[in-house]
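Asks: This structure is in structure tokens; I'll ask about it shortly.
The values are calculated or read from the model by the stated rules, or taken from the named source; none is laboratory data. Please read these numbers as outputs of a predicted model, since none were measured by experiment. Don't worry about glycine lacking a Cβ; one is built from the backbone with ideal geometry, like all the others, and counts go over all protein chains shown.
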Amino acid sequence: MRIPLLSIFITSPFEGIQEHAQKVKECGWAFHKAMECYVSDKCVKFEEFREEVVRLEKEADAIKRRIRGHLPIGTWMPVHKFQLFLYLREQDAVLDAVEDVLDWVSYRVEPGIPEALRKDFFLLIDSVIAPIEELSRMVGEARKYFKSYSEKHRKLVKEIIRTLRKQEHEADKLEDAIKRKLFNINVDPVTLYHMLRLAEIIGSVADHAENTGDMMRAMISR
């Protein structure tokens, strides 16, 4: 059976990628509420916010499976399928890192962050939310680029990629600052390890967000 020429251009996998990116963004908001609750040590809704993250992650996972398993014949592919799936894997890794953070803080019966570190952790959390919010915008501009191949939209995508790199660098600096402070305050060994690992996992959220930018840069390269 022949496929009408116009149908080749009807469906783009980037529609699903943007839907997934939006779900990542929503998950980032829920993550922010959960971590603010945890760090403040005055909130009793941590598990409620954590469950919201789990629900959103499952919804994002369903979108990911749909993208991977349902690329119909006639789907227009502006990039190689392998590149698309690499990008999707890294965007999904942002969600995995968010879940890892909440799992890690839930393991310890005694909640909260040492008072001397609370401001630092608030700053680190805010620093990884910023790149999460950039993902949806980056995919949106990439969709426009792959429809028109205009240099204007390509430049916008590249600007967002540069922003992601700067944001990841800022998150790295905040993570390092927490680690330095941890070794110079009086905390017990369990708290020391728990806080060190927590800072690393939170920082990994920005790492994966930056990686999506690298993957996108490869897709829009000429």
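Asks: Of the residues Lys158, Lys173, Lys166, Lys119, which single one is over 16 Å from Ala30 (Cα atoms), out of contact with any strand residue (DSSP E or B) (no Cβ under 8 Å at 6 or more places or on another chain), of a type outside the set (Gly, Ala, Ser) and surrounded by 15 or more Cβ atoms within 10 Å (Cβ to Cβ)? Break it down stepwise before answering.
Replies: On the way: Lys173 fails: surrounded by 15 or more Cβ atoms within 10 Å (Cβ to Cβ); Lys166 fails: surrounded by 15 or more Cβ atoms within 10 Å (Cβ to Cβ); Lys119 fails: surrounded by 15 or more Cβ atoms within 10 Å (Cβ to Cβ).
Every option except Lys158 fails the conditions.
Asks: Right, here's the next one. Given (1) within 20 Å of Ser12 (Cβ to Cβ); (2) in a helix (DSSP H, G or I); (3) not aromatic (Phe, Trp, Tyr), where does Val79 come up short, assuming only one miss?
Replies: (2)
Asks: Hey, any hits in region 84-100 for a residue that's touching a Cys at 6+ places or on another chain (Cβ under 8 Å), of a type outside the set (Val, Ile, Thr) and surrounded by 14 or more Cβ atoms within 10 Å (Cβ to Cβ)?
Replies: Within region 84-100, one or more residues are touching a Cys at 6+ places or on another chain (Cβ under 8 Å), of a type outside the set (Val, Ile, Thr) and surrounded by 14 or more Cβ atoms within 10 Å (Cβ to Cβ).
Asks: Determine, yes or no, whether Val128 is hydrophobic (A, V, I, L, M, F, W, C) and part of a helix (DSSP H, G or I).
Replies: Numbers: hydrophobic (A, V, I, L, M, F, W, C): yes; part of a helix (DSSP H, G or I): yes.
So Val128 passes the test.
Asks: Next question, about the same structure. Is region 193-211 home to any residue that is among the basic types (Lys, Arg) and more than 18 Å from the chain's Cα centre (by Cα)?
Replies: We begin by selecting, within region 193-211, every residue among the basic types (Lys, Arg); these are 197.
With the extra rule that they be more than 18 Å from the chain's Cα centre (by Cα), the set shrinks to 197.
Yes, region 193-211 has at least one match.
Asks: Taking region 170-222, which residues are touching a residue at least 60 places away in the same chain (Cβ under 8 Å) and assigned to a loop (DSSP other than H, G, I, E, B)?
Replies: Ile185, Val187
Asks: Given the residues Arg68, Arg55, which is the only one that is assigned to a helix (DSSP H, G or I), at pLDDT below 85, charged (D, E, K, R) and surrounded by fewer than 16 Cβ atoms within 10 Å (Cβ to Cβ)?
Replies: Values: Arg55 fails: at pLDDT below 85.
Going through Arg68, Arg55 in turn, just one is assigned to a helix (DSSP H, G or I), at pLDDT below 85, charged (D, E, K, R) and surrounded by fewer than 16 Cβ atoms within 10 Å (Cβ to Cβ): Arg68.
Asks: Which is touching a Lys or Arg at 6+ places or on another chain (Cβ under 8 Å), among the small types (Gly, Ala, Ser) and surrounded by 15 or more Cβ atoms within 10 Å (Cβ to Cβ), of Ser136, Ser106, Ser127?
Replies: Exactly one residue qualifies, and that residue is Ser136.
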